[in-house]
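The values are calculated or read from the model by the stated rules, or taken from the named source; none is laboratory data. Source: prediction; values computed, not measured. Here Cβ is always computed from backbone atoms with ideal geometry, including for glycine, and neighbour counts include all displayed protein chains. Only protein heavy atoms, including side chains, enter the accessible area calculation; ligands, DNA and RNA are left aside. Shrake-Rupley method; radii C 1.70, N 1.55, O 1.52, S 1.80 Å.
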2 protein chains.
Amino acid sequence: MGADRTDVLGAAQRLLNRDPGASMSAIADAAGVSRATLHRHVDSRDALLVELGTRSLDQWERRLDGVAVEEVAATGDAAAIRAVLEALVLGYVDDADDHGFALTDHVILANAELIERTQRLADREAVLFAAAQEAGVLRTDLPLRWFGHTIYGQLVAGREAVRLGDVARRDVAHLVLSTLLAGVTSP
Amino acid sequence: MGADRTDVLGAAQRLLNRDPGASMSAIADAAGVSRATLHRHVDSRDALLVELGTRSLDQWERRLDGVAVEEVAATGDAAAIRAVLEALVLGYVDDADDHGFALTDHVILANAELIERTQRLADREAVLFAAAQEAGVLRTDLPLRWFGHTIYGQLVAGREAVRLGDVARRDVAHLVLSTLLAGVTSP
DNA sequence: CTCATTTGAGACATGTATGTCGCAACATTG
DNA sequence: CAATGTTGCGACATACATGTCTCAAATGAG
């Protein structure tokens, strides 16, 4: 019956995804564990949130590593860059399903270390965006910093659309990617 | 020295925009009013949030009324529909500046009445989107319900971009609109 | 089986925000 | 000036989540 530390964190993540204000007691319940045991795993609620935030940044970093952003950016190959961009976004949509609440949680968004690390990851991403602009993949009339934010916004949109049942989960990835790349107007 | 009820709500709105978790005491301070007086204006913190949520929906509704969505939708005139779409989004961007925190606040997002009213306003908007699809302005391969969500996502993105100083306030409206309509890829 | 470890349950102290109240200072109006 | 109403201040009780602790039960390894 050993609830692994990972299991507990996972359960916490899932619950907080549904109810971002859940108490430690509620989280313990959701993890099938007593409040005391939860505290044996994690020092405080804030520490828990920060850890989950870190996890989501880990995942983000894993995505960047997985597609070898820097290398692809260095090639300057338009097709490759475009493929990587799409793969990244699709990956993010998947991740947002699990780590979604971290996108808007106040504690996480206010933590200095996490902010700093977010900045670094955004910088890595920006390298790809710059190369994409250079290669004629992305519009050059948009500021580099904006791309990351739009993607973020679309992730929030997709998450909310699914949450409210307006869009089927399996359709989200396509909708987000397609809207992001081509916009909503008729060609 | 009369701090009007409207003034107090406005101050609360501004503070909560910066710090969504602000306490009643902090809100009172920000409004230049004692905690007791704040409570003379509003029954509880939740009631305050709900009221601010209502305000933001009021503003949304005002926008819809202002451009006469239904009438324009009924004409089926592509140019007019497109103009109204743009005007709406630009208006929303402006509003998000003030009511922004309501976009992601848990209490507000969980309130039954507000959810219901949001639904009704989204329905009104959907009429315009449908007409826009019909008139060849909006893509027909995207589900009706999705348009509202993407717009919402872009608003969140713009808000965050400004908050982090990545984008100048005066540029947001154009970025949001342009990205929304045409996407991020080079034509 | 026995011992060591882990867990759950509950009690406990603490801290903090909330909402209420009374009173004194103040201004506003007549 | 007098009367009325509003405000700030501080006290108060309350509620609730948090984090710690203890002890008994369960688990698992040897």
Practice prompt. Inspect all residues belonging to region B:24-41 and state whether any of them is within 30 Å of A:Ser23 (Cβ to Cβ), more than 14 Å from every other protein chain (Cβ to nearest Cβ) and away from DNA strand D (no atom under 16 Å from the Cβ).
Written response: no
Item to complete: Have a look at B:Val89, B:Val50, B:Val84, B:Val72 and point out the one that is closer than 30 Å to B:Gly136 by Cα, more than 16 Å from DNA strand D (Cβ to nearest atom) and away from every other protein chain (no Cβ under 14 Å).
Response: B:Val72
Item to complete: Among residues belonging to region A:134-143 that are open to solvent by less than 40 Å² (accessible area, probe 1.4 Å) and facing chain B (nearest Cβ under 8 Å), point out the one that is farthest from B:Ser178 (Cα to Cα).
Response: A:Val137
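Just to be sure I understand, how many residues within region A:144-169 are open to solvent by 50 Å² or more (accessible area, probe 1.4 Å) and assigned to a loop (DSSP other than H, G, I, E, B)?
Looking only at that region, the number is 2.
How many residues are β-branched (Val, Ile, Thr) and facing another protein chain (nearest Cβ under 7 Å) if we restrict to region B:147-187?
Here the count works out to 6.
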Item to complete: Give region B:53-69 a look and list any residue that's touching a residue at least 60 places away in the same chain (Cβ under 8 Å) and either within 16 Å of DNA strand D (Cβ to nearest atom) or charged (D, E, K, R) (or both), or say none.
Response: B:Glu61
Worksheet item: Right, B:Val167: in the same structural domain as B:Leu103 (by TED's automatic domain parsing), in contact (Cβ under 8 Å) with a residue 12 or more places away in the chain and over 18 Å from the mean Cα position of the chain (by Cα) or not?
Response: no
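If you check A:Asp19, A:Asp58, which single one turns out to be of a type in the set (Asp, Glu) and in the same structural domain as A:Ala110 (by TED's automatic domain parsing)?
A:Asp58
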